[in-house]
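The values are calculated or read from the model by the stated rules, or taken from the named source; none is laboratory data. Because the structure is predicted, anything quoted here is derived from the model rather than measured. Heads up, the Cβs are rebuilt from the backbone with ideal geometry, glycines too, and the neighbour counts pull from every protein chain shown.
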Amino acid sequence: MTPILWKVLKSGEQVKKKLKILLRQALISLRSMDVFYNDKTDILYIRLDDTEQDVVNKRVSENIVLEIGEGDRIIGIEI
């Protein structure tokens with residue numbers, strides 16, 4: 001098991017519920033999705049919308065950052 005998956009699994013139930021809701025919302029509006037994992041930094045990045053746009057980063061927990069784009073849509077998730 002990768003370290004990032006272990007962090008998510010051992011994190012609190014509230015964090016897991018938030019992540020599950022966010023992923024579900026993101027998948028509903030899914031057009032194209034890219035997933036990147038950097039094993040040097042142990043960061044998983046999920047890009048949900050590949051259109052170029054300005055984003056705002058919003059930290060929702062210690063290990064999860066959302067990229068919010070136009071229309072308050074989730075553009076990317078960093079874990």
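Do any strands (runs of 3 or more DSSP E) lying entirely in the stretch 28-79 carry at least 3 residues that are under 24 Å from E13 (Cβ atoms), and which ones are they? Before you say what the answer is, go through the steps one by one.
On the way: elements: 34-38, 43-47, 56-61, 64-68, 74-78.
Because the criterion is at least 3 residues that are under 24 Å from E13 (Cβ atoms), the strands (runs of 3 or more DSSP E) in the stretch 28-79 that meet it are 43-47, 56-61, 64-68, 74-78.
Residues in the stretch 48-58 that are under 19 Å from F36 (Cβ atoms), at pLDDT 85 or above and either touching a helix residue (DSSP H, G or I) at 6+ places or on another chain (Cβ under 7 Å) or not aliphatic (A, V, I, L, M) (or both): E52, Q53, N57. If you scan the stretch 22-47, which residues turn out to be at pLDDT 75 or above and within 13 Å of the chain's Cα centre (by Cα)? Scanning the stretch 22-47 gives M33, D34, V35, F36, Y37, I43, L44, Y45, I46, R47.
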